[in-house]
Every structure is written in structure tokens, then in C-alpha cells.
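Structure first, commentary second.
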Amino acid sequence: MSFLDVAPRVVEVIDTRADLPWSERVRVRALERLPLGPSQVRIGMLAMPILPADLLQMKGQYGVLPALPYVPGHEGVAVILECGSEVQDLQPGQRVLPLGGKLWADECVMPRRALLPLSEDGDPLQQAMLTANPATAWVLLQHEGALAQGQWVLQNAANSAVGQCVRQIAAHLGHQVINIVRREQAAARDEGGHWLVDEGSDPQALRAQVRGITGDAPVMLGLDALGGNATAALAACLSEGGRLRVYGLLSGQPSQIAAHDLIFRNIELRGFWLARWFGDPANKQASREVYPALMELARQGVLHMSVEQVYGLGDVAQALAHAAREGRSGKILLRGAHGRP
Ligand SMILES: NC(=O)c1ccc[n+]([C@@H]2O[C@H](COP(=O)([O-])OP(=O)(O)OC[C@H]3O[C@@H](n4cnc5c(N)ncnc54)[C@H](OP(=O)(O)O)[C@@H]3O)[C@@H](O)[C@H]2O)c1
């Protein structure tokens, strides 16, 4: 069967009012198949995860806010359907990682330079999740952390996909991790590492628990996905001169931090956004090395992220409602028309 036999669809965000049901905030419509330019490639989407960034953007609270209606989707995995006349090094049928947005569709047209070839035998769901979260974990540990071998890392929301990747990459690099979660069932103790259940309300209590694990060893990197009081709690647990990176705003609250920790203990607090890191000319060389390194870790089985459910593209509203729920055991993904049910 040719891809031309499939009638492609695309998802659009039509309203960002968070009090509306998802079915009134997104729609699925027929996608017009445009002719290919010489350096373009038509790809068929296999799977696309729903990220907190997608949900945040759909609420009008992300760093980039496209005008309505817009096609969402920051990451996914695809198969090549057709190559433009100047694209010599890719073939229809090859699996690729598209680096670019607007991916919640059955088909997309991308410039050749935005596609990374992938191994055909990897799990497509795992490949679909490679772009954002593993890269965030990699850059935070390798480039923001400045960690010496064996040093401790402290992270909250540790059962998130980023948290899983931090744990797996840190173990690979020889660092030790203390994982903080907000509920006992989320502590994935079978994955190893140290686990604490804490809601970030009492920084000194958390500090005592962390010291109980690390003793006098320095804790030099804290990774905060939450903001609010959780920032202060991580800051209190870091050793003098420790680096604290706020990379998520899941609590929806402004980050709090004790001035004492900033002034007298020299805690270095900074925000982190992967998109900005990739766009910084100073990171040009380092950024080229991120995805080859992650693909190799995926091939070796070092990286693995949990999946809770996969929905067809036509069920995007149900999928979004599911992704926005607390207490999931893993990611929610969408399946494009070219993905296997
Ligand atoms: N800055 C960047 O460049 C960048 C890049 C990638 C990801 N991120 C951010 O990284 C974070 C994690 O993303 P992900 O895709 O890995 O997430 P995910 O797999 O969807 O998991 C979300 C996690 O957050 C926890 N959580 C949500 N709200 C919370 C709250 N108020 N207090 C405590 N825990 C809370 C959930 O805990 P339960 O299981 O208990 O519900 C779950 O562990 C997000 O904020 C995302 O935007 C940032």
C-alpha cells in the first residue's frame, strides 16, 4: 500500500482557555498534502509523546506561544515516505528523528537538515521520546553540573521521564542520585538509587534526610522540576557552592529560596531551557554531540522511559486529559497513521 492511500490528519490547538474541555481546545482536521521542495522530506509519524511543555503551551504559559490555530508537538519518531530531488542520503522506509515542532500529524514535511537517521530495530516508542527529556538530563548532568566522578545529584519529581533519564545517565557516568517524589507509590526503588518522599514544605527536614544518606560527602547539583517551595528545599540540601538548576515549573508557583543560602552558602541558582542551550553559539560543538550520544545510550539499553498508554491521533482530546492527570506510571503517546497499533 502506498502512503498516498492514507488520508492524512493534523491536530490543531484552537483555544488556550484552560477551563474548557480538551475537546474544545483541540481539533483534528484533514491535512492537505503539499508538493515537496528539492531539499525537503515527507515523513510519516509513528509516535509522538505528550510533554508537559505541550500542555503548558496549550495553556498559553510556555516560552514560545504560536498564534492560534497552531499545530502542536515537540517530539516524535517518523518513517520517510518521500524525498525531494536533492536529498540523496536518505531513502523511503528509513526511520528518522525529526528535530522541529508541529509534529502531531500523520505526515509532516521537514527540511533534510532537521532529520536524524535512526536504527530500524529500536523500539519506536522509546525513540519517539529521545529529543527533549533525555537531552535535558544529558545537558544538565554533563554541561550544567560540572560534577566530579562519584558526586551526588539531588532531584525532585524523580519519577518523571526527565527524572528517569537523570537516574540512568548519572549511573552510566558514575554519579550517585537522591530521588525525591511526592508520593510513596512513585518511588521506583527497583531502579536503584536513594529515594525520599517529600512535598518540599520543610527544607530543614529534607536536609536532615539527605545528610543521613550522603554523610559529609558534597552534594553539588540540584535539579528542580517544580519551582515554589521545592526550590528552597533543594537549595537547603546542597553543599556550599552547589549549583541549583530550575528546569520545570510543575508547581506553577514562583521559586522560593532562602537569601541565606544564596549569600552565605554561595548556592548558584539558574534556570535551564534546553531550547536556549541548543541555540547558544557557545554550545555549538557540544550540542552536535548530544543526540549521537543519546542514540548510543538507547542502543545499549541504558535509556528507557516508562509508557502508560498510546492513543490514536483521532483520540487526542482523551490523550491530553490522560496526560494532564496526576499519578501516571509513564508517558502518554499519540500514534500517527504510519505507527503500529
Ligand atoms: N527546561 C527544559 O528545557 C525542559 C526540557 C524537558 C522537560 N522539562 C520539564 O521537566 C519536567 C518533567 O517533564 P517530564 O516530561 O519528564 O514529566 P512527566 O514524565 O510527565 O512527569 C511529570 C512528573 O511531575 C510530577 N509532578 C507534577 N506536578 C507536581 C507537583 N506539583 N509537585 C510534585 N510533583 C509534581 C509528577 O508526579 P506524580 O507522578 O506524583 O503525578 C510526575 O513525576 C516538566 O516540568 C517539563 O516541562 C524541561
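The values are calculated or read from the model by the stated rules, or taken from the named source; none is laboratory data. Keep in mind the model is a prediction, meaning the values are calculated, not measured. Ideal geometry is used to build each Cβ from the backbone, glycine not excepted, and the neighbour counts take in all protein chains shown. Keep in mind that these areas ignore ligands, DNA and RNA; they rest on the heavy atoms of the full protein, side chains included. Shrake-Rupley method; radii C 1.70, N 1.55, O 1.52, S 1.80 Å.
Go through the residues of the range 49-65 one by one and say whether even a single one is assigned to a strand (DSSP E or B) and over 22 Å from Ala18 (Cα atoms). No. If you go through the range 251-262 one residue at a time, how many are surrounded by fewer than 17 Cβ atoms within 10 Å (Cβ to Cβ) and within 22 Å of Gln57 (Cβ to Cβ)? Matching residues across the range 251-262 total 3.
Mind telling me which of the residues Leu65, Leu36 ends up being open to solvent by 50 Å² or more (accessible area, probe 1.4 Å) and among the aliphatic types (A, V, I, L, M)? The conditions single out Leu65.
Checking each residue in the range 206-233 for being charged (D, E, K, R) and open to solvent by less than 10 Å² (accessible area, probe 1.4 Å) picks out only Asp224.
Looking at Ile267, is it touching a helix residue (DSSP H, G or I) at 6+ places or on another chain (Cβ under 6 Å) and of a type in the set (Val, Ile, Thr)? Yes: the conditions hold for Ile267. The set of residues in the range 131-143 being within 12 Å of the ligand (Cβ to nearest atom), touching a residue at least 40 places away in the same chain (Cβ under 8 Å) and among the aliphatic types (A, V, I, L, M) consists of Ala132, Ala135, Val139, Leu140. Scanning the range 284-302 for residues that are within 13 Å of the ligand (Cβ to nearest atom) and surrounded by fewer than 18 Cβ atoms within 10 Å (Cβ to Cβ) returns no hits.
I need the full set of residues from the range 263-274 which are hydrophobic (A, V, I, L, M, F, W, C), surrounded by 14 or more Cβ atoms within 10 Å (Cβ to Cβ) and farther than 16 Å from Gln142 by Cα, in order please. Those that are hydrophobic (A, V, I, L, M, F, W, C), surrounded by 14 or more Cβ atoms within 10 Å (Cβ to Cβ) and farther than 16 Å from Gln142 by Cα: Ile267, Leu269.
Annotation note: of Glu144, Glu120, the sole residue that is charged (D, E, K, R), closer than 20 Å to Tyr291 by Cβ and in the same structural domain as Leu238 (by TED's automatic domain parsing) is Glu144. From the list Gly76, Gly60, the one residue that fits, being at pLDDT 95 or above and among the small types (Gly, Ala, Ser), is Gly76.
The residues of the range 71-85 that are under 26 Å from Met305 (Cβ atoms) and surrounded by fewer than 18 Cβ atoms within 10 Å (Cβ to Cβ) amount to a single one, Val71. Looking only at residues in the range 74-100 that are assigned to a loop (DSSP other than H, G, I, E, B) and among the charged types (D, E, K, R), the one that is nearest to Gln40 (Cα to Cα) is Glu86. The requirement of being of a type in the set (D, E, K, R) and touching a residue at least 24 places away in the same chain (Cβ under 8 Å) is satisfied by Glu107. Of all residues in the range 307-319 being within 13 Å of the ligand (Cβ to nearest atom) and touching a Lys or Arg at 6+ places or on another chain (Cβ under 8 Å), which is nearest to Gly163 (Cα to Cα)? Residue satisfying both the conditions and the ranking: Val307. Look at the range 316-341: where a residue is among the polar types (S, T, N, Q) and a partner is away from the ligand (no atom under 11 Å from the Cβ) and at pLDDT 95 or above, sitting 6+ places away or on another chain with Cβ atoms under 8 Å, you get Gln318/Trp22; Gln318/Tyr311. Those residues that are within 16 Å of the ligand (Cβ to nearest atom) and open to solvent by 10 Å² or more (accessible area, probe 1.4 Å), I need them from the range 331-341; list them, please. Within the range 331-341, Lys331 is the sole residue that qualifies.
Restricting Ala53, Ala47 to those that are modelled with pLDDT of 95 or more and open to solvent by 10 Å² or more (accessible area, probe 1.4 Å) reduces the list to Ala53. Applying the criterion of being hydrophobic (A, V, I, L, M, F, W, C) and more than 12 Å from the ligand (Cβ to nearest atom) to the residues of the range 120-129, the residue that is surrounded by the most Cβ atoms within 10 Å (Cβ to Cβ) is Ala128.
Residues that are within 14 Å of the ligand (Cβ to nearest atom) number at least 2 in the following strands (runs of 3 or more DSSP E) confined to the range 144-252: 176-181, 194-197, 219-224, 243-246. Cβ separations smaller than 6 Å between residues 6+ apart or across chains give the following pairs from the range 248-277 residues that are of a type in the set (Ser, Thr, Tyr) to residues that are more than 8 Å from the ligand (Cβ to nearest atom): Ser251/Gly227; Ser255/Gly227; Ser255/Thr231; Ser255/Val246. Every condition in (1) touching a residue at least 40 places away in the same chain (Cβ under 8 Å); (2) assigned to a loop (DSSP other than H, G, I, E, B); (3) more than 21 Å from Gly314 (Cβ to Cβ) holds for Asp19 except the one numbered (1).
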